[in-house]
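Structure first, then comments.
The values are calculated or read from the model by the stated rules, or taken from the named source; none is laboratory data. All values derive from a computational prediction rather than experimental measurement. Glycine also receives a Cβ, built like all others from the backbone with ideal geometry; neighbour counts cover every protein chain displayed. For the accessible areas, the whole protein counts, side chains as well, though only heavy atoms, and no ligand, DNA or RNA atoms are used. Shrake-Rupley method; radii C 1.70, N 1.55, O 1.52, S 1.80 Å.
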Amino acid sequence: MEEGRLAAGKSTAAALGAWIVFQDEAGQSLTPPRSRSWGRRGCTPVVRVRGRGSGRVSMAGMVCYQPGRRSRMFYAVREYRGRLGQPKGFGWRDLRDLVVRARIQLGGPIVLVWDNVRLHLTAGMREFIAANAAWLTVFQLPAYAPDLNPQEGIWSLVKRDLGNLAAADLAQITRAVKRRLKQIQYRPDLVDGCLAGTGLTMGG
């Protein structure tokens, strides 16, 4: 996001007593992310995983900040097992429901910051945003700027925990993802750290 637009968003949030909410989606298949590990000298550690198997765990999350308040994080997880007619990921209604859930639990207006992927620009989502302009203001990140979204830091924490996990099936990946997200949800210091990692600050 350009600095001018970010400043405008922060001013809007301060004026409304709003939460600034960064949203993003991610996914994880049965193939784990690679990470460093210990091994015997001269023997490279090898993690064997299943070469076959379909499926993916989709994650949608949002980190929420307001000066003087404890940072919050909300998420949703969905499994895709390759079945006929099963959605491959989240639809705009799923993201709408996540935004509404956050607004109810935060108890105030929201300034939502996200990227410009097609899912965020659907007609249904645009209509929802327009119909709820009294409490929802949306700013779009510029293209290819994941470094400005602290939710990306949350995904990094999750995938670090999944590093080298040789899961037997998709359900094991789902359990690991949910467990890590739940742990982060109760660690506002981690949520704050992800914001600090972007170089952005929340002024009073």
Which residue, Ala171, Val191, Val138, has the largest displacement toward the positive end of the dipole of the stretch 60-204 when charges sit on each Cβ (Lys, Arg +1; Asp, Glu -1)? Ala171
What does the accessible area of Thr122 come to, in Å² to the nearest 10, when a probe of 1.4 Å is used? 40
Quick calc, Ile104 & Arg187: beta-carbon distance into FRET formula, R0 30 Å, rounding 0.05, result 0.85
Take the Cβ-Cβ distance between Ala168 and Ala133 as r, set R0 to 45 Å, and report the resulting FRET efficiency rounded to the nearest 0.05. 0.40
Send over a whole-number figure in Å² for the accessible area per residue of the stretch 131-204, probe 1.4 Å. 50
Whole-percent carbon and sulfur share, accessible surface of the stretch 82-204, 1.4 Å: 53
